[in-house]
Amino acid sequence: MEIKDIKELIAFDQKTMQDVVDIHDKKNEALKALAKEKEDIKKKTWDEVYEKVDATKKELDAKIASDALVNTKTFEDGAKRIKDTYAANKDKWVKEVFERCIH
């Protein structure tokens, strides 16, 4: 083998080794890009989930507050009716209870 052939073989080997290194670097870059994209998708998905949960929580909180107002109003109306009925019939009921206890 001549020196020229050896030099060409060394040059070819160096080029091939550099090609392997370049391909390895590209592979690593692709893996990093894939991992970043995976993380971005994961973050975006969780952000959407948290947003939906937050919106649903706000809706439910508003419904609870609204229902609480309705329930309070219903309770107050019922209590007023009972008080009014008692006030209107108190003497009559006391008299009836007294009469039933004596007779």
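Nothing in this text is a laboratory measurement; each read-out follows from the coordinates by a stated rule. Bear in mind that the values here come from a model prediction, so they are computed numbers and not experimental data. For neighbour counting, all protein chains shown are included, and Cβ atoms are generated from backbone atoms with ideal geometry for every residue, glycine included.
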On a 0 to 90° scale, report how tilted helix 3-102 is relative to the longest principal axis of the chain, with both axes built from alpha carbons and the result rounded to the nearest 10.
0
Label-point separation (nm) for residue 99 and residue 38, each offset 7 Å from Cα along Cα-to-Cβ?
8.8
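Charges at C-beta only: +1 for Lys and Arg, -1 for Asp and Glu. How large is the resulting dipole of the chain about its Cα centre, in Debye rounded to 20? If you can, show how the numbers build up before the last one.
Numbers: 23 positive and 24 negative charges, 206 e Å.
Roughly 1000 debye, rounded to the nearest 20.
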